[in-house]
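The values are calculated or read from the model by the stated rules, or taken from the named source; none is laboratory data. Everything numeric here is computed off the predicted structure, so don't read it as measured data. Here Cβ is always computed from backbone atoms with ideal geometry, including for glycine, and neighbour counts include all displayed protein chains. The protein model used for the area step is the full one, side chains on, heavy atoms only, and it has no ligands, DNA or RNA in it. Shrake-Rupley method; radii C 1.70, N 1.55, O 1.52, S 1.80 Å.
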Amino acid sequence: MSLLEVKSYAAGKWVAPDATARSIENAVTGEALGRAGNDALDVQAMLDYARDTGGPALRALTFHDRARMLKALAAALGKHKQALYDLSFATGATQADHMIDIDGGIGTMFVYASKGRREMPDAHIYVDGEVEQLSRDGSFLGQHIATSLQGVAVHINAFNFPVWGMLEKLAPTLLAGVPAIVKPATATCYVTELAVKIMIDSGILPAGALQLVSGGLGDMLDRLTCQDIVSFTGSAQTAFKLRSAPHIIRNSIRFVAEQDSLNATILGHDAVAGTPEFDLFVKEVHREMTTKAGQKCTAIRRIIAPHAQVDAVIEALSARLVKTVIGNPQAEGVRMGALVSNSQKSDVLEKAAIIATEAERVFGDPDNFETQGADGGKGAFVPPMLFHCANPDAATRIHDTEAFGPVSTVMGYRDLDHAISLANRGEGSLVASVITHDPKIAQEVASGAGAFHGRLYFNNRDSMKESTGHGSPLPHMVHGGPGRAGGGEELGGVRGVMHYMQRTAIQGSPDILTQISGKWVPGATEKPAPAHPFTRNFHELDIGETIHTDPRDITLADIEHFAEFTGDTFYAHMDEDAAKRNPFFPGRVAHGYLLLSFAAGLFVEPNEGPVLANTGLDSLRFMKPVEAGDSIKVRLTVKHKTPRNDDYGEVRWHATLTNQNDELVAEYELLTMNAYET
Ligand code: NDP
């Protein structure tokens, strides 16, 4: 087979490796597979292309446009999945591993596409949180907004997930409107290259939105500005070196790091051998040790079990590990493939030897194991290795040494406090899991260990069928962790998009805030509606368009009729003396829901029209009781509009009910679906 010439994609052109390229090995055979790298790459031209061409094109799109773009990209990648699988076997990964890397990456992109449409506006500015009252009369207000960074995101990725590693950073970056330069780890960059080629060839992305560096970055990081961001995944050593560069520090360049951590799992003391939780625990640990041959940043490195269960855990885990067939990932029956390279293999064996100074190896012998369909001496194979540390309190290396392979250490605990303190000895991790059926144990771990871990994963018989696994970062949930894990955070839905945007506090009058945020703010100018707003389609409605209804008197007969009709005969509506004893009411009062119903009756336009449905009501507050003899009227204002599909969009209306003295009685936001065409 001819050697792969892995290219970079720079300033709109594919650039082949040159004489300075590094060679890449096939993880399964240990033979040369190809080469990547070109020291002559013009990194300044790449940055300029991203900043001057990619950035403006992306920023011209709204969040919804970008979300549609992500969906199309994910679909394009999905069409070429098989080619990505075929190429990925050479990284040592099995088909099950590909599902995590390739399908997981595409799935992450789809989730961002969907969140971009559902949770972000069809606009260029993201409104963060609620309006803050900064004045007594409401004439001066505050609002946080976020706008796209005007630079470029440089993504430096690890070797273990050549596709997911790229897409989990790329999806939030593009959604934020920021172009990316992706630099995968050289060892597996040929898979990333194919994924980038699929995306570029799809023609979906604007020019300059995505570039690729296969090989070294040169001095690119020294050319970044305060509008750029580096998002890094890899070793603590490289993270330290890159983030402490004077240029990065001097210019306060954002640096998000996600690095190796000593993730732990705790077996709850309720989960003794024989319970579904015990079996689940063994299954989860086995999966974490063997998936991707243990080369997962979230893999379980420390197994914390009650003293009384340690022997049973070792026995049950060993019984599973012994059945794990190791070898060529394309060979029949193989469950665990190779490490990514022979240099990684040396690194893992070196780290395992360090762990062995404090713990006894109770399963797996790197000098004596079988491989199927591959030459174990040539490929980067190691067997799963399980250690037992008898004195985890005195030990230090098992808490700070990550063997980035199928290596894990069992340790016993006395009580839950002890288990928590052992989990926290990792000094910051991406994830810790607890297998327990006792919610109180979960509560104690959450308060005792939360500060040390980016994610806490609880599982038991109730959730195990649908649970997603200790080691799976999900696009909806944050991924990252304190301390040793790098102190960074990625994903977590819209939170992940915010890393690529600048949050700005805006202060000003209601009109200023309304114009900037695209959301009508109480106190801003009301626009008179040219016709009843329910007769106007989605596009015709203006933000701030308002109607004021006539008043309606509330009578005792109304209250009694409503009580009888609905069955809500709560004493505050029916019994004058009892209502008076209640500190909230002057006497019998109208039902809040009666007022809402009357309000709907006051503002509705009954004929068939562009309003298709009332889909909800948010932030309802009743401020002042209404008695028989009072009257209410409604002000209804178009607050915000969000397109939903090809035919209709959501209109958010701000509704206030006031009484005959213009005092606020109730306030809420009404949601309707409105057709684009009348
Ligand atoms: P590295 O930290 O060496 O590499 C990570 C990324 O940084 C790669 O893309 C690498 O590129 C790049 N890089 C390295 N040096 C520089 C530099 N001077 N300037 C710019 N980019 C640079 O980690 P490895 O991938 O070699 O893995 C080593 C260890 O990292 C593993 O054994 C494991 O402990 C840990 N790791 C942690 C992961 C996690 O998710 N937390 C994931 C993977 C690894 P290149 O490949 O071209 O050198």
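Miscellaneous remarks
- Residue 325 falls short of the stated requirement of being in contact (Cβ under 8 Å) with a residue 60 or more places away in the chain, farther than 18 Å from residue 301 by Cα and β-branched (Val, Ile, Thr).
- Subset of region 574-601 [touching a helix residue (DSSP H, G or I) at 6+ places or on another chain (Cβ under 9 Å), within 24 Å of residue 656 (Cα to Cα) and open to solvent by less than 20 Å² (accessible area, probe 1.4 Å)]: 587, 589, 590, 591, 594
- Residues of region 155-188 that are within 9 Å of the ligand (Cβ to nearest atom) and among the aliphatic types (A, V, I, L, M): 156, 158, 185, 187.
- Screening region 559-671 for helices (runs of 4 or more DSSP H) wholly inside it with 2 or more residues that are within 24 Å of residue 537 (Cα to Cα) returns the ranges 592-603.
- Residue check, residue 518 in contact with a His (Cβ under 9 Å, 6 or more places away or on another chain) and either open to solvent by 70 Å² or more (accessible area, probe 1.4 Å) or not basic (Lys, Arg) (or both): yes
- Residue 149 being open to solvent by 10 Å² or more (accessible area, probe 1.4 Å) and touching a Gly at 6+ places or on another chain (Cβ under 9 Å): no
- Residue 272 among the β-branched types (Val, Ile, Thr), farther than 27 Å from residue 501 by Cβ, surrounded by fewer than 23 Cβ atoms within 10 Å (Cβ to Cβ) and more than 16 Å from the ligand (Cβ to nearest atom): yes
- In region 372-399, the residues that are modelled with pLDDT of 95 or more, open to solvent by 10 Å² or more (accessible area, probe 1.4 Å) and not hydrophobic (A, V, I, L, M, F, W, C): 388, 391, 393, 396, 397
- Enumeration of residues in region 1-17 that are open to solvent by 40 Å² or more (accessible area, probe 1.4 Å) and in a strand (DSSP E or B): 4, 5, 13, 14, 15
- Residue 219 being at pLDDT 95 or above, over 24 Å from the mean Cα position of the chain (by Cα) and more than 12 Å from the ligand (Cβ to nearest atom): no
- Contact map, region 538-557: first residue aromatic (Phe, Trp, Tyr), second residue assigned to a loop (DSSP other than H, G, I, E, B), Cβ cut-off under 7 Å, separation 6 or more or different chains; pairs are 538/610; 538/676.
- For region 457-486, residues that are among the hydroxyl-bearing types (Ser, Thr, Tyr) and within 16 Å of the ligand (Cβ to nearest atom) total 1.
- Inside region 431-453, residues that are free of Cβ contacts under 8 Å to residues at least 12 places away in the same chain and of a type in the set (S, T, N, Q) make up a count of 2.
- Test: residue in region 276-286 that is more than 16 Å from the ligand (Cβ to nearest atom), open to solvent by 50 Å² or more (accessible area, probe 1.4 Å) and either charged (D, E, K, R) or in contact with a Ser or Thr (Cβ under 6 Å, 6 or more places away or on another chain) (or both): yes
- For region 14-71, the set of residues classified as away from the ligand (no atom under 16 Å from the Cβ), of a type in the set (Val, Ile, Thr) and closer than 30 Å to residue 146 by Cα consists of 53, 62, listed by residue number.
- Tabulated pairs, region 248-272, first of a type in the set (S, T, N, Q), second more than 16 Å from the ligand (Cβ to nearest atom) and part of a strand (DSSP E or B), C-beta under 9 angstrom, 6+ apart or interchain: 263/433; 265/303; 265/304; 265/305; 265/433; 265/434; 265/435; 265/457
- When residue 56 is tested against the conditions (1) at pLDDT 95 or above; (2) open to solvent by less than 40 Å² (accessible area, probe 1.4 Å), the lone failure is (2).
- Per-region count, region 211-240, residues open to solvent by less than 30 Å² (accessible area, probe 1.4 Å) and closer than 24 Å to residue 20 by Cβ: 12
- Scanning region 232-266 for residues that are of a type in the set (S, T, N, Q), near the ligand (Cβ under 7 Å from one of its atoms) and modelled with pLDDT of 95 or more yields a count of 2.
- Any hit, region 288-310, residues being closer than 24 Å to residue 392 by Cα, free of Cβ contacts under 8 Å to residues at least 12 places away in the same chain and open to solvent by 20 Å² or more (accessible area, probe 1.4 Å): no
- Selection within region 627-647 - farther than 27 Å from residue 524 by Cβ and either among the aliphatic types (A, V, I, L, M) or open to solvent by less than 50 Å² (accessible area, probe 1.4 Å) (or both): 628, 630
- Taking every residue in region 484-498 that is under 15 Å from residue 178 (Cβ atoms) and pairing it with any residue that is in a loop (DSSP other than H, G, I, E, B) and open to solvent by less than 10 Å² (accessible area, probe 1.4 Å), at least 6 positions away or on another chain, the pairs with Cβ-Cβ distances below 6 Å are 490/480.
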